[in-house]
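**Q** This is the structure I want to talk about, given as structure tokens.
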Amino acid sequence: MAGDERQKQGTGETLPLGQKCEVFAANPMPGFDTVGGPTFLARMKGASTADLMAIVCRQGYAARMDAVSQLRGIDHPSILRLIDSGTINWAADGARYAGFVYEQPTGPRFWNSLDEVRAPLSEDTINRFFVAPLAGGLQQFADVALMHGSVRPTNIFWRDDDAAPPQLGECVSVSPGVGQPILFESLDRAQAVAYGRGPGNTVDDMYALGVTVVMLVLGRNPMKGMDDAAIVKAKLDHGSFNALVGNQRISSSHFELLRGLLHDDPKQRWTAHDLAQWVSGQRLTPKQSEFSKRAQRAFVFEGQELWNLRHIVQAFAAAPGPAARLIERGEFDRWLRRSLSDSDRADSVQEALDTLKKSGRTTHYDEQMVAMVGIALEPQGPISYRGLTVMPMGIGGALAETIRTGGDVQLISEIIANQFIAFWVNQQHEAKAELVPFAQQFERVRGFIERGTLGSGIERAVYEMNPNLPCLSPLVMNQHVLTPRDLLPALEKLTTQSNRPREPIDRHLAAWMVVRYRGIDYLLQPMNSPDNPLKRNLALLTFFNEWQLKFGPEKLPGMTNWMFSLLEPLARRYHHRPTRDEVAEQLKLAAASGQLNRLVQLLDDPKLLERDRQSFDAARQIYRATVAQIGILERQAKQHKEVAMRYGRPVATYVAWVLAAMAMLFSIIRYMTN
């Protein structure tokens with residue numbers, strides 16, 4: 001059993017996790033492994049005894065970091081106590097993981113498998129030593145409005161012959177519903193995909209506790225061997241209580257307990273407070289659920305006789321084309337009003353049709369109609385659209401898992417674009433005001449999806465809807481970048497890899513950054529200019545510089561050199577050669593400093609750029625004036641040549657004639673003299 005693996009002494013090196021604990025990486029504890037990740041021996045820093053265990057979470061999952069503060073306020077012997085949380089740098093692979101440190105359980109894992117067959121426990125043992133202590137622990141979860149989400153026999157540590165109370169295991173390494181078998185999920189959540197079940201409610205823990213009690217009463221899993229679809233169908237056909245208990249004879253106290261805990265209407269299901277009253281001896285009578293209301297006459301659809309709304313919603317979702325035709329002809333409206341006597345539901349269906357008609361017909365009009373009608377019929381249930389079923393609050397989780405696994409996000413994009421959420425909120429009459437911010441968030445997300453620019457798109461949507469989701473960019477996915485301070489150290493590690501990309505950004509990283517640091521998205525706008533790579537790279541530098549100034553660290557030599565390799569051509573913007581050479585030299589020094597701000601000061605110095613521009617303009621003016629003067633001189637030189645050619649010959653002839661005459665006269669005088 002898992003309890004046999006409890007250890008007190010560790011071996012080998014320790015790795016820090018959180019503020020107070022350290023983990024023995026060489027001492028795994030496989031008996032305590034969870035859905036979220038493997039477990040290792042741990043201790044408080046400086047302690048001589050290792051009496052803790054650390055869960056090292058798998059990468060890419062949204063661990064429930066937002067629940068840590070609430071869990072630290074829970075102190076109950078039936079709840080495994082959370083000691084610390086944070087991240088751990090795993091030396092073996094150089095990756096960084098989220099982690100949680102818990103106290104080691106006092107007992108063994110209660111059931112190692114849901115297929116086990118054990119001797120049924122007595123009524124007194126179940127009521128006094130199992131239900132009563134767990135009721136106290138779950139009451140504390142309800143007091144802080146936090147769903148545990150992992151209540152099941154395989155996540156309970158207890159030895160039924162021990163005086164120590166049972167302990168509920170961890171609940172934060174994955175989102176609620178992930179890893180929880182459908183058997184323990186309420187009917188609404190069971191129909192949704194695991195990552196699309198949403199945060200849930202504390203009454204869902206009550207349901208899971210009820211299923212667990214059934215297994216203790218019977219000594220086995222009543223649905224052993226059934227697949228998920230068969231389990232959901234059985235619950236739909238017979239109701240959870242009848243599907244799980246069947247014809248088994250159980251005590252009157254357990255009959256009342258299980259009727260309350262397994263109620264399929266969450267509004268009528270027992271709360272933690274109701275359970276506490278039952279434990280104290282008060283008796284409660286569960287009410288009949290409106291969801292199990294049977295019509296006077298069956299609704300015949302695709303050869304099936306359907307008697308209640310839940311069956312109809314499922315049948316419509318499986319055949320949206322025929323369903324849409326029946327709805328449009330008014331046949332379903334008449335059945336709702338006459339056979340089910342439910343005018344309110346009929347009015348809600350008409351409201352769905354009116355809302356849909358305003359949007360006009362689209363490619364998947366029938367599927368949209370069936371989804372909207374399903375919301376009108378089951379306001380507390382999931383949304384089913386084109387084969388995908390999600391709880392409204394679970395759309396973000398489903399999108400994150402689809403992206404993480406490389407799936408097609410088209411269906412979820414359509415669910416958001418078709419404004420199903422706005423209609424769903426309008427149908428939640430009792431809690432409508434509380435859900436308005438939720439609807440407004442989806443309206444914003446719809447706008448982001450419609451924009452394809454950097455920092456928008458489906459990538460922006462997934463981080464807007466998942467505040468606990470680490471960055472899913474391939475650049476940093478193995479470094480569990482959850483908070484703004486995590487980002488630049490993760491990119492700094494990337495700079496040492498030979499296969500690093502050309503630039504330290506992609507669509508996921510940009511979207512994560514603008515969501516985690518509101519108000520910085522305006523710096524992304526110049527990066528949407530692919531035709532001007534230098535402008536884009538300068539904007540990228542400014543973006544990361546702002547991040548370093550805000551969140552650190554102070555020195556990033558790898559990042560500055562990476563940015564220098566992209567921005568070195570910007571030094572050639574300077575026209576003055578000595579300035580250009582000086583800036584290039586200063587850039588090299590700045591790159592070695594590890595401070596992106598120094599690169600910004602050199603490359604985006606408005607005063608230096610203005611002086612260089614003014615000097616260049618002055619040089620251009622001097623150049624133009626010089627060129628003009630040379631032109632004048634050249635024209636003047638050309639004019640002198642023409643003058644010489646025009647007047648030179650007559651003058652030369654005249655001079656020659658005069659000289660000849662003088663020579664002749666001189667000769668005559670000389671002759672006469674002789």
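**Q** I need the full set of residues from the stretch 72-97 which are of a type in the set (A, V, I, L, M) and part of a loop (DSSP other than H, G, I, E, B), in order please.
**A** We begin by selecting, within the stretch 72-97, every residue of a type in the set (A, V, I, L, M); these are 74, 79-80, 82-83, 88, 91-92, 95.
If the condition is that a residue be of a type in the set (A, V, I, L, M) and part of a loop (DSSP other than H, G, I, E, B), then 74, 80, 91, 92 are the ones that fit.
**Q** Could you please find all residues in the stretch 76-87 being over 22 Å from the mean Cα position of the chain (by Cα) and either touching a residue at least 24 places away in the same chain (Cβ under 8 Å) or crowded, with 22+ Cβ neighbours inside 10 Å (or both)? I'd like the intermediate steps shown before the answer.
**A** Of the residues in the stretch 76-87, the ones over 22 Å from the mean Cα position of the chain (by Cα) are 76-84.
Passing the criteria: 76, 77, 78, 79, 80, 82, 83, 84.
**Q** Spot the failing condition for residue 283; the list is (1) at pLDDT 95 or above; (2) within 21 Å of residue 241 (Cα to Cα); (3) open to solvent by 10 Å² or more (accessible area, probe 1.4 Å), and only one is missed.
**A** Condition (1) is where residue 283 drops out.
**Q** Suppose we filter 309, 326 for residues that are in contact (Cβ under 8 Å) with a residue 60 or more places away in the chain and in contact with a Phe, Trp or Tyr (Cβ under 8 Å, 6 or more places away or on another chain); which single one remains? Step through it out loud before you land on a result.
**A** On the way: 326 fails: in contact (Cβ under 8 Å) with a residue 60 or more places away in the chain.
The unique qualifying residue is 309.
**Q** Shifting gears a bit: Being aromatic (Phe, Trp, Tyr) and modelled with pLDDT of 70 or more is the filter here, so list the residues in the stretch 611-657 that pass it.
**A** Initial filter on the stretch 611-657 (aromatic (Phe, Trp, Tyr)): 616, 623, 647, 654, 657.
616, 623, 657, listed by residue number.
**Q** Every residue in the stretch 238-264 that is surrounded by fewer than 18 Cβ atoms within 10 Å (Cβ to Cβ), of a type in the set (D, E, K, R) and either without any contact (Cβ under 8 Å) to a residue 24 or more places away in the chain or closer than 13 Å to residue 186 by Cβ (or both), please.
**A** 249, the sole residue that qualifies.
**Q** Would you check if there is a residue in the stretch 514-525 being charged (D, E, K, R), free of Cβ contacts under 8 Å to residues at least 12 places away in the same chain and closer than 17 Å to residue 448 by Cβ?
**A** Initial filter on the stretch 514-525 (charged (D, E, K, R)): 516, 518, 521.
Now drop any that are not free of Cβ contacts under 8 Å to residues at least 12 places away in the same chain, which leaves 518.
With the extra rule that they be closer than 17 Å to residue 448 by Cβ, the set shrinks to 518.
Yes, that holds for at least one residue.
**Q** For the stretch 301-320, what are the residues that are of a type in the set (Gly, Ala, Ser) and under 15 Å from residue 372 (Cβ atoms)?
**A** Going through the stretch 301-320, the residues of a type in the set (Gly, Ala, Ser) turn out to be 303, 315, 317-319.
Result: 317, single match.
**Q** Looking only at the stretch 53-83, which residues are farther than 23 Å from residue 473 by Cβ, in contact with a helix residue (DSSP H, G or I) (Cβ under 9 Å, 6 or more places away or on another chain) and not hydrophobic (A, V, I, L, M, F, W, C)?
**A** 70, 73, 75, 76, 77, 78, 81
**Q** On to the next question. I'd like to verify a number: residues in the stretch 365-379 that are open to solvent by 30 Å² or more (accessible area, probe 1.4 Å) and out of contact with any helix residue (DSSP H, G or I) (no Cβ under 6 Å at 6 or more places or on another chain), how many? Steps first, answer last, please.
**A** Filtering the stretch 365-379 for residues open to solvent by 30 Å² or more (accessible area, probe 1.4 Å) gives 366-367.
The next check asks that each one be out of contact with any helix residue (DSSP H, G or I) (no Cβ under 6 Å at 6 or more places or on another chain); those that pass are none.
The total comes to 0.
**Q** Would you mind finding the one in 131, 174 that is of a type in the set (Val, Ile, Thr) and outside any helix (DSSP H, G or I)?
**A** Numbers: 131 fails: outside any helix (DSSP H, G or I).
Going through 131, 174 in turn, just one is of a type in the set (Val, Ile, Thr) and outside any helix (DSSP H, G or I): 174.
**Q** Let me ask you something else. Go through 42, 50, 67 for me and flag whichever is part of a loop (DSSP other than H, G, I, E, B) and open to solvent by less than 10 Å² (accessible area, probe 1.4 Å).
**A** Numbers: 42 fails: part of a loop (DSSP other than H, G, I, E, B); 67 fails: part of a loop (DSSP other than H, G, I, E, B).
None of the other options fit; the residue is 50.
**Q** Could you please let me know if residue 500 is within 20 Å of residue 57 (Cβ to Cβ) and open to solvent by 70 Å² or more (accessible area, probe 1.4 Å)? If you could, list the steps in order and put the result at the bottom.
**A** Working: within 20 Å of residue 57 (Cβ to Cβ): no; open to solvent by 70 Å² or more (accessible area, probe 1.4 Å): yes.
So residue 500 fails the test.
**Q** On to the next question. Which residue is farthest from the chain's Cα centre (by Cα), if the candidates are limited to the stretch 265-275 and must be open to solvent by 40 Å² or more (accessible area, probe 1.4 Å) and over 22 Å from residue 128 (Cβ atoms)?
**A** 268
**Q** What is the residue count in the stretch 88-115 for residues that are within 27 Å of the chain's Cα centre (by Cα) and of a type in the set (Lys, Arg)?
**A** Summing the residues that are within 27 Å of the chain's Cα centre (by Cα) and of a type in the set (Lys, Arg) in the stretch 88-115 gives 1.
**Q** Go through 12, 60 for me and flag whichever is modelled with pLDDT under 95, assigned to a loop (DSSP other than H, G, I, E, B) and open to solvent by 50 Å² or more (accessible area, probe 1.4 Å).
**A** Numbers: 60 fails: open to solvent by 50 Å² or more (accessible area, probe 1.4 Å).
Just a single option satisfies the conditions, and that option is 12.
**Q** Filter the stretch 181-231 down to the residues that are assigned to a loop (DSSP other than H, G, I, E, B) and within 16 Å of residue 110 (Cα to Cα) and list them by number. Spell out how you get there, then give the answer.
**A** Narrowing the stretch 181-231 to residues assigned to a loop (DSSP other than H, G, I, E, B): 181, 185-186, 191-193, 197-201, 219-227.
Result: 219, 220, 221.
**Q** Would you please list the contacts, defined by Cβ atoms under 8 Å and residues six or more apart or on different chains, that run from a residue in the stretch 57-72 that is touching a residue at least 60 places away in the same chain (Cβ under 8 Å) and under 12 Å from residue 175 (Cα atoms) to a residue that is open to solvent by 50 Å² or more (accessible area, probe 1.4 Å) and not in a helix (DSSP H, G or I)?
**A** 66/467
**Q** With the requirement that a residue be out of contact with any strand residue (DSSP E or B) (no Cβ under 8 Å at 6 or more places or on another chain) and of a type in the set (S, T, N, Q), what does the stretch 133-155 give you?
**A** If the condition is that a residue be out of contact with any strand residue (DSSP E or B) (no Cβ under 8 Å at 6 or more places or on another chain) and of a type in the set (S, T, N, Q), then 139 is the only one that fits.
**Q** Restrict the check to the stretch 114-124 and report whether at least one residue is outside any strand (DSSP E or B) and open to solvent by less than 40 Å² (accessible area, probe 1.4 Å). Spell out the reasoning first.
**A** Taking the stretch 114-124 as the starting set, the residues that turn out to be outside any strand (DSSP E or B) are 114-124.
Imposing the further condition that a residue be open to solvent by less than 40 Å² (accessible area, probe 1.4 Å) reduces the set to 114, 121.
Within the stretch 114-124 (the criterion being outside any strand (DSSP E or B) and open to solvent by less than 40 Å² (accessible area, probe 1.4 Å)), the answer is yes, since at least one residue qualifies.
**Q** Which members of the stretch 527-559 meet the condition of being touching a helix residue (DSSP H, G or I) at 6+ places or on another chain (Cβ under 9 Å), free of Cβ contacts under 8 Å to residues at least 12 places away in the same chain and open to solvent by 50 Å² or more (accessible area, probe 1.4 Å)? Write out each step before concluding.
**A** Quick first cut of the stretch 527-559, residues touching a helix residue (DSSP H, G or I) at 6+ places or on another chain (Cβ under 9 Å) only: 527-530, 532-559.
Checking which are free of Cβ contacts under 8 Å to residues at least 12 places away in the same chain leaves us with 529-530, 532-533, 535-536.
Hits for the stretch 527-559 are 530, 532, 533, 535, 536.
**Q** How many residues are over 10 Å from residue 101 (Cα atoms), without any contact (Cβ under 8 Å) to a residue 60 or more places away in the chain and surrounded by 17 or more Cβ atoms within 10 Å (Cβ to Cβ) if we restrict to the stretch 21-32?
**A** If we filter the stretch 21-32 for residues that are over 10 Å from residue 101 (Cα atoms), which is where we start, we get 24-32.
Now drop any that are not without any contact (Cβ under 8 Å) to a residue 60 or more places away in the chain, which leaves 24, 26-30.
Remaining after also requiring surrounded by 17 or more Cβ atoms within 10 Å (Cβ to Cβ): 24, 27, 29.
Of the residues in that region, 3 qualify.
**Q** Among (1) surrounded by 14 or more Cβ atoms within 10 Å (Cβ to Cβ); (2) under 19 Å from residue 562 (Cα atoms); (3) modelled with pLDDT under 90, which single condition is residue 521 missing?
**A** (2)
The values are calculated or read from the model by the stated rules, or taken from the named source; none is laboratory data. Here the structure is a predicted model, which is why all the values come from computation and not from measurement. Because the Cβ atoms are built from the backbone with ideal geometry, glycine has one as well, and the counts that use them run over all protein chains shown. For the accessible areas, the whole protein counts, side chains as well, though only heavy atoms, and no ligand, DNA or RNA atoms are used. Shrake-Rupley method; radii C 1.70, N 1.55, O 1.52, S 1.80 Å.
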